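Since the structure comes first, as C-alpha cells, the remarks are kept for the end.
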C-alpha cells in the first residue's frame, strides 16, 4: 500500500510540477531582506507621487502563454491606456521557470501575449513576484532557477517595453503618492519551511526576519497598505488545505488594515476578515473549474476556514468565481475601488463582475462602502 501511495505522489509531482526544493544559506540572509531600488531603469519609471488617483492592473498565474494571450486581449480592452502599472502575482511560467538567461522564454510568456492586442499594455511597467513554479522542480530538467527572473530585470533598458520588474525577492514600488505603499515579496520563502535546507530553527529565524522587514515597510506607509505575493493568506480555493501562510496571523495583525493581492489558486476571490482584504487573482491562464467546485469551497469555508481563522464574533466574508480573468484596482487618498473581470476562453472580451469600494477614515481604519460584508460565502459565478 505504501508503494502505491508513493507512486501516486511521484506521479502527481511529475504531472503537476508540484515538488520543489530550494537552497537557503544562513550566511546569505541579507539576500532576502528589503532592497532599495536605484539605477537608470527605475529613474525612467513614471512619477506618480503627485497623482490624485492610481489605477493598477492585477493578475496572477499567467504562465500558460496560449491562454494568457486571450486574457491579455481582454486586459487591453478593459485597461488600455488607463492603467499606471501592473502587478504580476507569480507562477509567471509553467510548468517551471527558466533555468538560464533565456530571452526567448520571456518573449513567449511575457512580451508576446502583452503586445499582440495593441499598444496599451506594452507601455506599462509590470511589477512581478516569484511563485512556487519559479523554484526548482525536483523532476524538471533542466530545473528552474528563481534568480533568472530577478536577473532579467537588469538586462533591460527603459526602452525595452513592456518592462519586467522583479528587482529583489522583496521590494517597494517607488514613486507612488505618499498615501499609497506597495510591497512585493517572495511568499514561497515565507510559507514553506520544508522546501528549504537547514534546520527548522534556522528557517524560522530567517522567515521571521523576512516577514518583519516586509511588515515594517508596510506599516511605515501613511495611507493604504498593500502587499502582493503569490500564496494567499486566506483562500477557499483548491490550495486551501495547503495554505502555509495561515501561520502568520499574529504577525499580520500589526500591519492591519492591509490589502493583500495574491495568486496560486486558479480562480478569483475576495475575502474580508478582521481588517485584512484578501484578493486572490490566479486565473490569468488557468482555472480549476469543476475540480474544486463551489460546493466543496463552501464546505471548506464553513468547516475549516471559519473556525480556524476567525475569532469569536468576527465575521468573515468570502466571495468566489472559477473563471479566467483579472482585476483592476483604483486608489485615491481616501478610497480603494476593486473590479473583477472574467470570461470563457472563447469570449472576445471579459465581462466586468462585481465592483467594491472601501474608504479610509481619518483614524486609519478601513470600511467597505455600501452594504457591509456579511458573515457568509457567496459563489459569484454559479
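Any read-out appearing in this document is the output of simple, stated calculations on the displayed coordinates, not a laboratory observation. Bear in mind the structure is a predicted one, so any value in this text is a computation, not a measurement. Heads up, the Cβs are rebuilt from the backbone with ideal geometry, glycines too, and the neighbour counts pull from every protein chain shown.
Structural remarks
- Inter-label distance, residue 119 to residue 47: 2.4 nm, where each label sits 7 Å from its Cα along the C-beta direction.
- Relative to the current alpha-carbon distance between residue 157 and residue 82, full extension at 0.36 nm per residue lengthens the span by 24.7 nm.
- The listed peptides 266-278, 344-356, ordered by packing as a protection proxy, come out as 266-278, 344-356 (highest mean of other Cβ atoms within 10 Å first).
- Stretch gain in nm, segment residue 344-residue 216, where the contour uses 0.36 nm per residue and the Cα spacing is subtracted: 42.0 nm
- Sorting 164, 342 by the number of Cβ atoms found within 10 Å of their own Cβ, with the fewest placed first, yields 164, 342.
- Put simply, when 151-162, 215-226, 56-67, 87-98 are sorted by average Cβ atoms within 10 angstrom per residue, most first, you get 87-98, 56-67, 215-226, 151-162.
- By the count of other C-beta atoms within 10 Å, a proxy for reagent exposure, 264, 231 are ordered fewest to most as 231, 264.
- Virtual spin-label span in nm between residue 209 and residue 376, 7 Å along Cα→Cβ: 4.8
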